[in-house]
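Quick notes on the structure that follows.
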Amino acid sequence: MNGFRAFHPDLIVEVTGICDRACAGCYAPNLISKYSPEELFREKPEMFLTAEQLNGSLIEVKANVDSIALRGGEPSRHPYLSNLLRVAHKHSRNVYVETHGRWVLNDGASELLQICAELGTVVKISFDRMHGLSPDELKGIVNRISKEQVAFLIAITEATDEDFLKTRALCDWVPDENIIHQKKAKALHELIEPRIGVVKLNGKLARTLTTKRDFVLKPIFAGLTT
Ligand code: SF4
């Protein structure tokens, strides 16, 4: 759709396989948990990418990485996200954190927001039917982020242009230049494939995102019945 920006990072980094939400339609095979990030890191270290692993894989890439997007799971569930951000900024001019954004409203958000402000990280917040954030919650998040002088983008991911425009109308106070228009993927081949690839939880570089098995199967069965 004309007039709105797209989002095509060179590299996606899966920083954790943990999320504190369970959105219907999520492609990622997350472990859903509301335990504290520190506790989960102690109990399940394999669910988290370390700063050392990220640094190693970015050295291995040996290509110019113009933009890196850190996502999960939910990246704010990584207790050492700030260390990963520092590493990502060493290797790329443009670093994004893709998030549902709810953590921004918590008392403890200041430290991470201040690091984002210091480094110039852009916080990319998902606002669409799947993530279920209310317009008032989004307003609170954007106010807090702006107060901390952190750059932000709002990603609206809907299945149709009509649905995109409906969701856009719910946040019409956000300038167009802060809006990203994304088409909701309904099948594996519709998921984003970054130019350089995806850094997985173990620090290995791959072509595609980690997905749930049934996210792949559903569209195949749908195809067989038509
Ligand atoms: S917040 Fe994102 S990662 Fe977590 S369940 Fe929802 S879509 Fe998936």
Residues of segment 58-76 being surrounded by fewer than 24 Cβ atoms within 10 Å (Cβ to Cβ) and more than 16 Å from the ligand (Cβ to nearest atom), which ones? 58, 59, 60, 61, 62, 63, 64, 65, 66, 67
Residue 182 is checked against (1) of a type in the set (S, T, N, Q); (2) over 16 Å from residue 71 (Cβ atoms); (3) surrounded by 13 or more Cβ atoms within 10 Å (Cβ to Cβ) and fails just one. What number does that condition carry? (2)
Taking residue 155 as the residue in question, decide whether it is within 16 Å of the ligand (Cβ to nearest atom), hydrophobic (A, V, I, L, M, F, W, C), assigned to a strand (DSSP E or B) and over 17 Å from residue 199 (Cα atoms). yes
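Table: residues versus (1) out of contact with any strand residue (DSSP E or B) (no Cβ under 6 Å at 6 or more places or on another chain); (2) under 16 Å from residue 27 (Cα atoms); (3) modelled with pLDDT of 95 or more.
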| site | (1), (2), (3) |
| --- | --- |
| 139 | yes, no, yes |
| 152 | no, no, yes |
| 166 | yes, no, yes |
| 174 | no, no, yes |
| 179 | no, no, yes |
| 182 | no, yes, no |
Restricted to segment 1-26, and to residues that are buried (at least 17 other Cβ atoms within 10 Å of the Cβ) and not in a loop (DSSP other than H, G, I, E, B), which residue is nearest to the ligand (Cβ to nearest atom)? 19
Any chance you could count how many residues in segment 126-138 are under 22 Å from residue 107 (Cβ atoms), more than 11 Å from the ligand (Cβ to nearest atom) and surrounded by 14 or more Cβ atoms within 10 Å (Cβ to Cβ)? 2
Quick one: would you say residue 95 is within 16 Å of the ligand (Cβ to nearest atom) and part of a strand (DSSP E or B)? no
Given 79, 29, which one is touching a helix residue (DSSP H, G or I) at 6+ places or on another chain (Cβ under 9 Å), assigned to a loop (DSSP other than H, G, I, E, B) and away from the ligand (no atom under 16 Å from the Cβ)? 79
Answer yes or no: is there a residue in segment 105-118 that is under 21 Å from residue 178 (Cα atoms), within 16 Å of the ligand (Cβ to nearest atom) and either modelled with pLDDT under 95 or touching a Lys or Arg at 6+ places or on another chain (Cβ under 9 Å) (or both). yes
Taking the condition polar (S, T, N, Q) and at pLDDT below 90, does residue 210 pass? no
Complete set of residues in segment 36-49 that are out of contact with any strand residue (DSSP E or B) (no Cβ under 9 Å at 6 or more places or on another chain) and either within 16 Å of the ligand (Cβ to nearest atom) or part of a helix (DSSP H, G or I) (or both): 38, 39, 42, 43, 45, 46
Criterion (aliphatic (A, V, I, L, M), buried (at least 19 other Cβ atoms within 10 Å of the Cβ) and either within 15 Å of the chain's Cα centre (by Cα) or farther than 16 Å from residue 140 by Cβ (or both)) met by exactly one of 81, 113: 81
Conditions first: (1) in contact (Cβ under 8 Å) with a residue 60 or more places away in the chain; (2) buried (at least 17 other Cβ atoms within 10 Å of the Cβ); (3) farther than 17 Å from residue 68 by Cα; (4) not acidic (Asp, Glu). Residue 153 passes all but one, so which condition is the exception? (3)
Out of the residues in segment 196-210 that are free of Cβ contacts under 8 Å to residues at least 24 places away in the same chain and outside any strand (DSSP E or B), which is surrounded by the fewest Cβ atoms within 10 Å (Cβ to Cβ)? 207
Under 8 Å between Cβ atoms, at least 6 apart or on separate chains: pull out the pairs that start in segment 103-130 with a residue that is more than 24 Å from residue 171 (Cα to Cα) and end on any residue that is crowded, with 21+ Cβ neighbours inside 10 Å and polar (S, T, N, Q). 112/76; 115/121
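The values are calculated or read from the model by the stated rules, or taken from the named source; none is laboratory data. Bear in mind that the values here come from a model prediction, so they are computed numbers and not experimental data. Note that each Cβ is placed from the backbone with ideal geometry, even for glycine, and that neighbours are counted across all protein chains shown.
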